[in-house]
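Novice: Dropping the structure in here first, questions after.
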Amino acid sequence: MEISNVRIIKIEGDDKLKALASVVFDDCFLVSDMRVVESDDGFFVAMPSKRKRDGSYKDIAYPLNNDFRQELERKVLLEYESVTAVKAISRIETGEAQTVRPDLLGVEEFGFTPKPTNQ
């Protein structure tokens, strides 16, 4: 599945919620209401969700594997950066790595070569 297009709508006046994102997949499927959120650990993308009767929230659309989640989150955050000029994920390249969530980055981005798996 290919991410064809990412659109960002900047949100003003909220401490944590920074933007809403809409993502088009394979030029034929749109998922909207993804949220760009800033936390103490850096920026991340929250999936669209709905409120359950007990008051909790349940994601209604989400990636089924970690590789695609990382790709989706990276593309959304890079588009957020280009729209707002706020560093969201590229901080690893500028030496500000402490504010980026490490689980969003692969070992190659840290300059390490993955060990081959012995099977």
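The values are calculated or read from the model by the stated rules, or taken from the named source; none is laboratory data. Just so we're clear, the structure is a prediction, and the values are computed from it rather than from any experiment. Here the Cβ positions follow ideal geometry from the backbone for every residue, glycine too, while neighbour counts run over all protein chains shown. Surface areas here come from the heavy atoms of the whole protein model, side chains and all, with no ligands, DNA or RNA. Shrake-Rupley method; radii C 1.70, N 1.55, O 1.52, S 1.80 Å.
Novice: With an 8 Å Cα cut-off and a minimum separation of 6 or more residues, compute the relative contact order for region 3-84 in percent.
Specialist: 24
Novice: Counting Lys and Arg as +1 and Asp and Glu as -1, what is the net charge of the other residues whose Cβ lies under 15 Å from the Cβ of residue 23? Display every interim value, and only then the final one.
Specialist: Working: positive: 7, 35, 69, 74, 75; negative: 2, 26, 27, 33, 59, 71, 73, 79.
Overall, the nearby charge balance is -3.
Novice: Sticking with this one: State the extension gain, in nm to one decimal, for the chain segment bounded by residue 16 and residue 83, taking 0.36 nm per residue of separation less the distance between their alpha-carbons.
Specialist: Details: separation 67, 0.36 × 67 = 24.12 nm, distance 1.74 nm.
Result for the pair: 22.4 nm of gain on full extension.
Novice: Taking a virtual spin label 7 Å from the Cα of residue 68 along the C-beta vector, which residues in region 1-45 bring their backbone nitrogen under 12 Å of it?
Specialist: Under 12 Å, as judged by backbone N against the label point of residue 68, lie 1-3, 25-26 of region 1-45.
Novice: Take 64, 20, 30 and sort them by solvent-accessible surface of the protein heavy atoms, 1.4 Å probe, largest at the top. Present the calculation step by step, with values, prior to reporting the outcome.
Specialist: On the way: 64 160, 20 50, 30 105 Å².
From most accessible down to least: 64, 30, 20.
Novice: Could you tell me what a quarter of the Cα convex hull surface of region 1-91 works out to, in nm² with one decimal place?
Specialist: Numbers: hull surface 26.9 nm².
About 6.7 nm², averaged over all directions.
Novice: Which sequence of 11, 89 reflects their accessible areas, 1.4 Å probe, from the largest down? Walk me through the numbers on the way to the answer.
Specialist: Numbers: 11 50, 89 0 Å².
Listed by decreasing accessible area, they come as 11, 89.
Novice: Tell me, in nm to one decimal, what length is gained between residue 1 and residue 59 on full extension, where the rule is 0.36 nm per residue of separation less the Cα-Cα distance?
Specialist: On the way: separation 58, 0.36 × 58 = 20.88 nm, distance 1.98 nm.
This chain segment gains 18.9 nm when fully extended.
Novice: Another one. Got a sec to turn the phi values of region 57-74 into Karplus ³J(HN,Hα) couplings, 6.51 cos²θ - 1.76 cosθ + 1.60 with θ = phi - 60°, whole Hz, x for Gly and Pro?
Specialist: Here the 3J(HN,Hα) series is 10, 10, 4, 9, 8, 6, x, 8, 9, 5, 4, 5, 4, 5, 4, 4, 4, 5 Hz.
Novice: Convert each backbone phi in region 28-33 into a coupling constant with the Karplus relation 6.51 cos²θ - 1.76 cosθ + 1.60 (shift: θ = phi - 60°), then list the ³J(HN,Hα) values in order as whole Hz, x for Gly and Pro.
Specialist: 8, 9, 10, 10, 10, 6
Novice: Report, in listed order, any pair from 18/75; 16/52; 50/87; 52/75 with a Cα-Cα distance greater than 25 Å. Don't skip to the end; give the middle numbers.
Specialist: On the way: 18/75 16 Å; 16/52 22 Å; 50/87 29 Å; 52/75 29 Å.
Check vs 25 Å cut-off fails for 50/87; 52/75.
Novice: From the phi of every residue in region 44-54, what ³J(HN,Hα) in whole Hz does the Karplus formula 6.51 cos²θ - 1.76 cosθ + 1.60 yield, where θ is phi - 60° and glycine or proline is x?
Specialist: Calculated HN-Hα couplings, in order: 8, 10, 9, 6, x, 9, 10, 7, 8, 4, 7 Hz.
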